[in-house]
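Report on the following structure.
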Amino acid sequence: MLRYIFLHSFSKGYLMGTAQKPSDVKLFIAFLYNENAPLDLVAEKLDLLYGKRLYSLGPLPFSWTEYYSGEMGQSLQKVYFSYEKSIDRSDLPAIKNYTNSIEELTADHNGNRTVNIDPGYVSRDKVVLATTKDFYHRLYIADGIFAEVTLHYRKGSFRYFSWTYPDFRNPATLQFLERIRAPLVKEIRTGEKL
């Protein structure tokens, strides 16, 4: 029976998919930080590696969860940066490991982080975050790093899942991500880097 289905598919003109390189994406980096974080140093290190910033959002008060307060304290703020240059999706593990090294470098004398750095990317149809933590909705990509599809784009707007972090459901964050997506879609349509 399987042999019949296989041969019948080819006689109908169905072709097997072929592997291809996906389109480039736009990098963004979210920083959760406390009052002791050397944010200028963090931004300088990232700008040196990833180039000119395109858009930013924040600082915004981070009141969505108490998860980080034990390590980082109260009154946390969050800032989001996006970068002008497009990146290859396969760069995400290296970017996350680099941001982890910055977190270690900027930790306080007790080893507690002063900044939590979350890199991700915006593609035409989704927002992806890098993480070191495995879970049922995350896929391993490389070098100890997992990827999570945090939002998907449908009918003209980003939409969230049950696992989407509350700050990524925030209208201001969604608007920021829409701004990143717009030039990317133009690049894909025209084939020109902006």
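The values are calculated or read from the model by the stated rules, or taken from the named source; none is laboratory data. Being a predicted model, the structure only gives us computed values, none of them experimental. When we count neighbours, we look across all protein chains shown, and the Cβ atoms used for this are built from the backbone with ideal geometry, even at glycine.
In table form, for the structure just shown:
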quantity	calculated
The listed residue being outside any helix (DSSP H, G or I), of a type in the set (A, V, I, L, M, F, W, C) and modelled with pLDDT of 90 or more, out of Ala43, Ala37	Ala37
Hey, Glu84 surrounded by 14 or more Cβ atoms within 10 Å (Cβ to Cβ) and part of a strand (DSSP E or B) or not	yes
Residue within segment 11-33 that is outside any strand (DSSP E or B), modelled with pLDDT of 90 or more, closer than 23 Å to Ile95 by Cβ and not hydroxyl-bearing (Ser, Thr, Tyr) present	no
Residue within segment 179-189 that is touching a strand residue (DSSP E or B) at 6+ places or on another chain (Cβ under 9 Å), closer than 23 Å to Gly58 by Cα and surrounded by fewer than 16 Cβ atoms within 10 Å (Cβ to Cβ) present	yes
Number of the exception - Gln77 against (1) over 17 Å from the mean Cα position of the chain (by Cα); (2) under 23 Å from Ile188 (Cβ atoms)	(2)
Residue under evaluation Trp64, criteria (1) crowded, with 18+ Cβ neighbours inside 10 Å; (2) touching a residue at least 40 places away in the same chain (Cβ under 8 Å), criterion not met	(1)
Single residue of Leu92, Leu174, Leu151, Leu139 found to be assigned to a strand (DSSP E or B), without any contact (Cβ under 8 Å) to a residue 60 or more places away in the chain and closer than 24 Å to Tyr33 by Cβ	Leu151
Search result, residues across segment 18-34 that are out of contact with any strand residue (DSSP E or B) (no Cβ under 6 Å at 6 or more places or on another chain), farther than 15 Å from Ile117 by Cα and not basic (Lys, Arg)	Thr18, Ala19, Gln20, Pro22, Ser23
Output for segment 145-188, where each listed residue is β-branched (Val, Ile, Thr) and touching a Ser or Thr at 6+ places or on another chain (Cβ under 6 Å)	Thr150, Thr164, Ile180, Ile188
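Results for (1) over 13 Å from the mean Cα position of the chain (by Cα); (2) crowded, with 17+ Cβ neighbours inside 10 Å; (3) small (Gly, Ala, Ser), shown as yes or no for each residue.
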site: Thr114; (1), (2), (3): yes, yes, no
site: Leu129; (1), (2), (3): no, yes, no
site: Tyr140; (1), (2), (3): yes, no, no
site: Thr150; (1), (2), (3): no, yes, no
site: Arg159; (1), (2), (3): yes, no, no
site: Trp163; (1), (2), (3): yes, no, no
site: Pro171; (1), (2), (3): yes, no, no
site: Gln175; (1), (2), (3): yes, no, no
site: Gly191; (1), (2), (3): yes, no, yes
